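Every read-out reported here was derived from the displayed coordinates using simple, explicitly stated rules and does not represent laboratory data. In this text, all values refer to a predicted model and were calculated from it rather than measured experimentally. Quick reminder, even Gly has a Cβ in these numbers, built from the backbone with ideal geometry, and neighbours come from all protein chains shown.
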Amino acid sequence: MPRPNRGQAATLNDVARLANVSRQTVSRVINNKDTVRPETEQRVRAAIRELDYRPNSLARSLVTNRSNVIGLVVPNISQPYYPEIARGVEDGAYEADYSVFLSHTGGDAGRELRALERLRGHRVDGVIICNSRLDDETLSQVAALAPAVLVNRQLANVSGTVIWTGYDTGSELAIDHLHAVGRRRIAYVGLDYVNNVDAAKFLGYRTGLERNGIPFDSSIVVRGPNSFQGGYAAMEALYTAALQVDAIFASNDLLAIGAMRYALTHGVDVPGEMAFVGFGGSEVASMVTPDLTTISVPLYSIGVTAVQELLQLIACPGEQHRQLNIKPEILIRGSSVANQRAGVAQF
């Protein structure tokens, strides 16, 4: 029986000849069809092993109408939040024999839409979209075209699954903790653009203040770019305004770390004079000094869950909309707890 020349990749025809079966039978074995007799399947698989045959993924996708590739769209892969989700997505996809096509959008709605169009062009089986910047109508249309899982974006009656964290209740946990350790002037450092996530965190901040009998003061609400520098500048604005603050609750860990850095470089005792709490539970929160108290979100698990939900939608296209709610927890660390308070920072 002729074999492929050394250095040449084996083909479907080579396997069929060696196993003495048709091309169609080899294809059925590769695609795990149950219409092949066990002894024939064993002969085909032995030929595949002997020839080290690797199925052509493009040809296979044309037969099965599946590419075994999913898309992952994130606003900014450089922020601490998204690499953990991406790692969960990659691991979950790997276990299911899927590959992941990553698109970084820079938080730009137009770029996000183009990325989703490109993913469709690459015949991905479905897509996971994190913190979408698209308007509701456009996002609904996108989700109706292919199986989709939305992470951190609530959307009524979307075709697909929404994974949503309790950002409002997480923020309330932060304020409850700061109140419990004696803080009464709690500033909020948030994003300088409106999205569902930051709005929910700000709502929780205000609810937490009210529940603990702390008056809301808009003068100590500061917003900035979603970056370390944004947090640093927000803290500088509070310092320049000479406001009396004894705690900072930030919309995410990166903002909190930037704000804390400014305070430390200007002689503020942390946490003696001022406490800091972030949101996200990213690994970087434990790598600073003092380590950052944070509202922890199971980022890796969200990535794994997103893949599982997406694969279910791919397998059962008629699945109805559902929402999974993730419960955050507080990780209390050195940025908010001290053996003895040194007083309130005077700005």
222 nm mean residue ellipticity, helices alone, for the chain (DSSP H n ≥ 4; -39,500 (n - 2.57); rounded to 500):
-13500 deg cm²/dmol
Measure of compaction for the chain (Cα Rg per 2.2 N^0.38 Å):
1.29
List the residues whose amide H sits under 5 Å from the amide H of Gly224, counting only those 5 or more places along or on another chain, with H placed 1.01 Å from N in the peptide plane.
Gly190, Leu191, Asp192
Compactness ratio of segment 272-327: Cα Rg over 2.2 N^0.38 Å, N = residue count?
1.69
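For Cys316, Cys130, what's the fewest-to-most ordering of other Cβ within 10 Å of each Cβ?
Details: Cys316 10, Cys130 25.
By the 10 Å Cβ count, ascending: Cys316, Cys130.
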If we sort 102-112, 178-188, 244-254 on the protection proxy, mean other Cβ atoms within 10 Å, highest first, what's the order?
244-254, 178-188, 102-112
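How long are the semi-axes of the ellipsoid equivalent to segment 125-216, from square roots of 5 times the Cα gyration tensor eigenvalues, in whole Å, largest first? Don't skip to the end; give the middle numbers.
Details: eigenvalues 229, 28, 18 Å².
Those come to 34, 12, 9 Å.
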Rounded to the nearest angstrom and ordered from largest down, what semi-axes does the equivalent ellipsoid of segment 51-194 get from its C-alpha gyration tensor (root of 5λ)?
36, 18, 13
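Hydropathy first: keep DSSP H helices in the chain averaging at least -1.0 on Kyte-Doolittle, then drop any whose Cα extent along the axis falls short of 15 Å, and list what survives. Working shown, then result.
On the way: long enough: 38-51 (20 Å, -0.98); 81-95 (22 Å, -0.83); 109-121 (18 Å, -0.83); 167-180 (20 Å, -0.31); 196-211 (22 Å, -0.50); 228-240 (18 Å, 0.22); 253-265 (18 Å, 0.98); 299-315 (24 Å, 1.32).
For the chain, where a helix must reach 15 Å along its axis and average at least -1.0, the hits are 38-51, 81-95, 109-121, 167-180, 196-211, 228-240, 253-265, 299-315.
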